[in-house]
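**Q** Got a structure here, written out as structure tokens. Questions coming.
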Amino acid sequence: MEIIHVSAECYPMAKTGGLADVVGALPKYQNKLGHFAKVVMPMHRTKFLYDNEWEVVHKGSFSMGTFYYDFTIIKEKTNKLDFDLYCVDINGMLDRERVYGYDDDTERFTAFQIAVLEWVSRWEHRPDVINCHDHHTALIPFMLHYCYSYNHISTIPVTLTIHNAQYQGWMGWNKGTYLPAWDSWRWGMLEWDHTINPLACGIKCADKVNTVSPGYMDELMREANGLEALFNYERGKCSGILNGIDYAVWNPGTDTYILDNFTEKDYDAGKLLNKKQLCREFGFDAELPLFIFIGRLVGEKAADLLPEAIIRMYAEAKDQFSFLILGSGEPAVEQELTALNNRWVGYYNSRMEYNEKLSHQMYAGADFLLMPSRVEPCGLNQMYAMRYGTVPIVRRTGGLSDTVKDYGEQNGYGICFNNASVDDILHSMRRALELYHDTKKLNEVRLAMMQIKNSWEVSAQRYIDLYSSIQ
Ligand code: GLC
């Protein structure tokens, strides 16, 4: 099957979060299954762009509202990622350093989507499916079906994968003219709550919709940032497919970012060496249990609870653990967490940045990973942690409930709690301290986690089955 993944980000070309990891891995595993999956994304100005060779495969132009744009599609020349990677360049619009966060993001991503369809509509053959990812690409199903210029490709099956339904890409009706001429009888497809809502529109117009875990799909039926009724109405075409992790990238046995490679057989010594190195770097005592948090410092991840939780935990058990934070996000949270750096020198530290290498070293060297997320569509960090023998402490929500089982339950291996609250976090950290000192149990848990198979093979096939159902 020929599959086109359309996404705002894709690892290693550009990454702000888990979406990039998924779009960088899923096509690779689909190709291993004998398919022909490719990715098309905006041409962000990243290191990967400059470090690699590209060829121009298409040039075109289109108008959006009263503006006229030329675009170029470039392709990475060497198939380095085990799938073809295409980038859309629109001068001054897409060729920027960051993926999101500009005032004209609506214009940028609308233009990106139009360029993708302009390109595909000029192919001599028809791909078997277009898989859109998140709201930045969710107008494609509408445009395919209802914009006159794409009539001849309107029967290409299209699926929408939702990695996060909190962000919906809302845009005012005044921007309805951005889309190429469309059948105005269909305005209702664009509309949700008096505005154009690209995510809602994608849910209505795609042939199939999936979230990145079954648990998250269940949750969206009840709580979906205003789209609950829509999910219920469209329930028939909705399903959840659990993400995998890329075992080629996330493998403690071969990971080149970490000091000492290890496997299920020698994890004890291997983790310790990595822990010592990490602790040396941050001035921690490697004898103490090491907790980490890695991720975006935003409300969804309940990062705002961290400062109070940390302060209270140190008040209660100072000298008994270390805590290291890596992430960036809301300035207020960043400031609070940074301010704590001087408070428990030798026990606490934080780095307000995105750092792929350090994150690998943290998964390898830490004992516990905290994920108190309020919303977690799948969550990859808990899976990375488990693969590296680090016990996840997670709130029971979305994909976290689907992937982590409390060690108090039969065959359990993680620590789970119910509420995104400081009290629940503290309770779980106390349980973690207890587990840390029960070496026999801790080793059982580590071994069990490292043996779990969260690889992409199975899920990549589930996506293929989904596409097959709409051929
Ligand atoms: C988003 C979600 C995260 C998920 C990832 C990949 O970042 O917040 O839970 O794992 O997408 O699907």
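**Q** Could you count how many residues in the range 391-421 are within 17 Å of Leu433 (Cβ to Cβ) and without any contact (Cβ under 8 Å) to a residue 12 or more places away in the chain?
**A** Summing the residues that are within 17 Å of Leu433 (Cβ to Cβ) and without any contact (Cβ under 8 Å) to a residue 12 or more places away in the chain in the range 391-421 gives 2.
**Q** Now a separate question. Of all residues being in a helix (DSSP H, G or I) and touching a strand residue (DSSP E or B) at 6+ places or on another chain (Cβ under 6 Å) in the range 119-143, which is farthest from Trp187 (Cα to Cα)? Just the residue, please.
**A** Here is the first cut: in the range 119-143, the residues in a helix (DSSP H, G or I) are 119-120, 135-137, 140-143.
So of that shortlist, the ones also touching a strand residue (DSSP E or B) at 6+ places or on another chain (Cβ under 6 Å) come out as 119, 137, 140-141.
On the way: Trp119: 25, Thr137: 18, Ile140: 15, Pro141: 14 Å.
It comes out as Trp119.
**Q** Right, another one. Gly283 fails exactly one of the following numbered conditions: (1) touching a residue at least 60 places away in the same chain (Cβ under 8 Å); (2) surrounded by 15 or more Cβ atoms within 10 Å (Cβ to Cβ). What is the number of that condition?
**A** The single condition Gly283 does not satisfy is (2).
**Q** What is the residue count in the range 278-321 for residues that are part of a strand (DSSP E or B) and either among the β-branched types (Val, Ile, Thr) or more than 27 Å from Lys15 (Cβ to Cβ) (or both)? Give the steps one after another, and end with the answer.
**A** Within the range 278-321, the subset part of a strand (DSSP E or B) is 290-294, 297.
Pick out the ones that are also either among the β-branched types (Val, Ile, Thr) or more than 27 Å from Lys15 (Cβ to Cβ) (or both) and you get 292, 294.
Counting residues in the range 278-321 that are part of a strand (DSSP E or B) and either among the β-branched types (Val, Ile, Thr) or more than 27 Å from Lys15 (Cβ to Cβ) (or both) gives 2.
**Q** Would you mind finding the one in Ala25, Ala20 that is among the small types (Gly, Ala, Ser), touching a residue at least 60 places away in the same chain (Cβ under 8 Å) and crowded, with 18+ Cβ neighbours inside 10 Å? So that I can check it myself, show each step before the final result.
**A** On the way: Ala20 fails: touching a residue at least 60 places away in the same chain (Cβ under 8 Å).
Of the residues listed, the single one that is among the small types (Gly, Ala, Ser), touching a residue at least 60 places away in the same chain (Cβ under 8 Å) and crowded, with 18+ Cβ neighbours inside 10 Å is Ala25.
**Q** Between a first residue in the range 151-180 that is within 17 Å of Ile203 (Cα to Cα) and away from the ligand (no atom under 16 Å from the Cβ) and a second residue that is of a type in the set (Lys, Arg) and open to solvent by 20 Å² or more (accessible area, probe 1.4 Å), which pairs have beta carbons less than 7 Å apart while being 6 or more apart in sequence or on different chains?
**A** As it stands, the answer is Ile156/Arg126, since those pairs meet every condition given.
**Q** Out of the residues in the range 354-383 meeting the condition of being open to solvent by 10 Å² or more (accessible area, probe 1.4 Å) and out of contact with any Leu (no Cβ under 7 Å at 6 or more places or on another chain), tell me which one is farthest from the ligand (Cβ to nearest atom).
**A** Per the criteria, the residue is Lys357.
Yes/no matrix, rows are residues, columns are (1) within 16 Å of the ligand (Cβ to nearest atom); (2) touching a Leu at 6+ places or on another chain (Cβ under 7 Å):
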{"site": "Glu2", "(1), (2)": "no, no"}
{"site": "Asp21", "(1), (2)": "yes, yes"}
{"site": "Ala25", "(1), (2)": "yes, no"}
{"site": "Lys28", "(1), (2)": "yes, yes"}
{"site": "Phe36", "(1), (2)": "no, no"}
{"site": "Thr72", "(1), (2)": "no, no"}
{"site": "Asp84", "(1), (2)": "no, no"}
{"site": "Arg96", "(1), (2)": "no, no"}
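**Q** Here's something else I'd like to know. Where the second residue is of a type in the set (Ser, Thr, Tyr) and assigned to a strand (DSSP E or B) and the first is over 17 Å from Gly92 (Cα atoms) and lies in the range 34-53, which pairs have Cβ atoms under 8 Å and are six or more apart or on separate chains?
**A** These pairs meet every condition: Lys38/Tyr86; Val39/Tyr86; Val40/Tyr86.
**Q** OK, next. Of the residues Asp193, Asp183, Asp207, which single one is open to solvent by 10 Å² or more (accessible area, probe 1.4 Å) and closer than 12 Å to Thr161 by Cα?
**A** Values: Asp193 fails: closer than 12 Å to Thr161 by Cα; Asp183 fails: closer than 12 Å to Thr161 by Cα.
Sole residue among the options that is open to solvent by 10 Å² or more (accessible area, probe 1.4 Å) and closer than 12 Å to Thr161 by Cα: Asp207.
**Q** Follow-up. Tally up the residues in the range 77-110 that are in contact (Cβ under 8 Å) with a residue 60 or more places away in the chain and crowded, with 18+ Cβ neighbours inside 10 Å, please.
**A** Within the range 77-110, residues that are in contact (Cβ under 8 Å) with a residue 60 or more places away in the chain and crowded, with 18+ Cβ neighbours inside 10 Å number 9.
**Q** Run down Ala229, Ala224, Ala200 and say which single residue is on the phi < 0 side of the Ramachandran plot and part of a loop (DSSP other than H, G, I, E, B). Outline the logic, then answer.
**A** Numbers: Ala229 fails: part of a loop (DSSP other than H, G, I, E, B); Ala200 fails: part of a loop (DSSP other than H, G, I, E, B).
Result: Ala224 is the single residue among Ala229, Ala224, Ala200 that is on the phi < 0 side of the Ramachandran plot and part of a loop (DSSP other than H, G, I, E, B).
**Q** At least 1 residues that are touching a helix residue (DSSP H, G or I) at 6+ places or on another chain (Cβ under 6 Å) and over 19 Å from His136 (Cα atoms) in each: list the strands (runs of 3 or more DSSP E) lying fully within the range 1-118 that qualify.
**A** Numbers: elements: 2-6, 36-42, 54-64, 67-76, 84-89.
Ranges flagged: 36-42, 54-64.
**Q** Here are some residues: Phe291, Phe284, Phe262. Which one is outside the structural domain of Tyr167 (by TED's automatic domain parsing) and more than 23 Å from Lys440 (Cα to Cα)?
**A** Numbers: Phe291 fails: more than 23 Å from Lys440 (Cα to Cα); Phe262 fails: more than 23 Å from Lys440 (Cα to Cα).
On inspection, the qualifying residue turns out to be Phe284.
**Q** Right, another one. Count, please, the residues in the range 240-278 that happen to be touching a helix residue (DSSP H, G or I) at 6+ places or on another chain (Cβ under 7 Å) and within 16 Å of the ligand (Cβ to nearest atom).
**A** 8
**Q** Which residue out of Thr66, Thr110, Thr106 is assigned by TED's automatic domain parsing to the domain that holds Thr177 and modelled with pLDDT under 95?
**A** Result: Thr66 is the single residue among Thr66, Thr110, Thr106 that is assigned by TED's automatic domain parsing to the domain that holds Thr177 and modelled with pLDDT under 95.
**Q** Only one of (1) of a type outside the set (Asp, Glu); (2) over 24 Å from Pro377 (Cβ atoms); (3) within 16 Å of the ligand (Cβ to nearest atom) is not met by Ser63, so which one is it?
**A** (3)
**Q** Also, quick follow-up: I'd like the residue in the range 448-471 that is surrounded by 13 or more Cβ atoms within 10 Å (Cβ to Cβ), out of contact with any helix residue (DSSP H, G or I) (no Cβ under 7 Å at 6 or more places or on another chain) and at pLDDT below 95 and, out of all such residues, is farthest from Asp268 (Cα to Cα).
**A** It comes out as Val458.
**Q** Residue check, Gly327 against (1) more than 16 Å from the ligand (Cβ to nearest atom); (2) open to solvent by less than 10 Å² (accessible area, probe 1.4 Å), all met but one. Which one?
**A** Unmet for Gly327, out of (1) more than 16 Å from the ligand (Cβ to nearest atom); (2) open to solvent by less than 10 Å² (accessible area, probe 1.4 Å): (1).
**Q** Considering Arg396, Arg430, which residue is open to solvent by 10 Å² or more (accessible area, probe 1.4 Å), under 20 Å from Ile294 (Cβ atoms) and more than 13 Å from the ligand (Cβ to nearest atom)?
**A** Working: Arg430 fails: under 20 Å from Ile294 (Cβ atoms).
Result of the check over Arg396, Arg430: Arg396.
The values are calculated or read from the model by the stated rules, or taken from the named source; none is laboratory data. Worth saying up front: this structure is predicted, and the values here are computed from it rather than measured. Every residue, glycine among them, receives a Cβ derived from its backbone with ideal geometry; neighbour counts consider all protein chains shown. Calculation scope for accessible area: heavy atoms of the full protein, side chains included, ligands and nucleic acids excluded. Shrake-Rupley method; radii C 1.70, N 1.55, O 1.52, S 1.80 Å.
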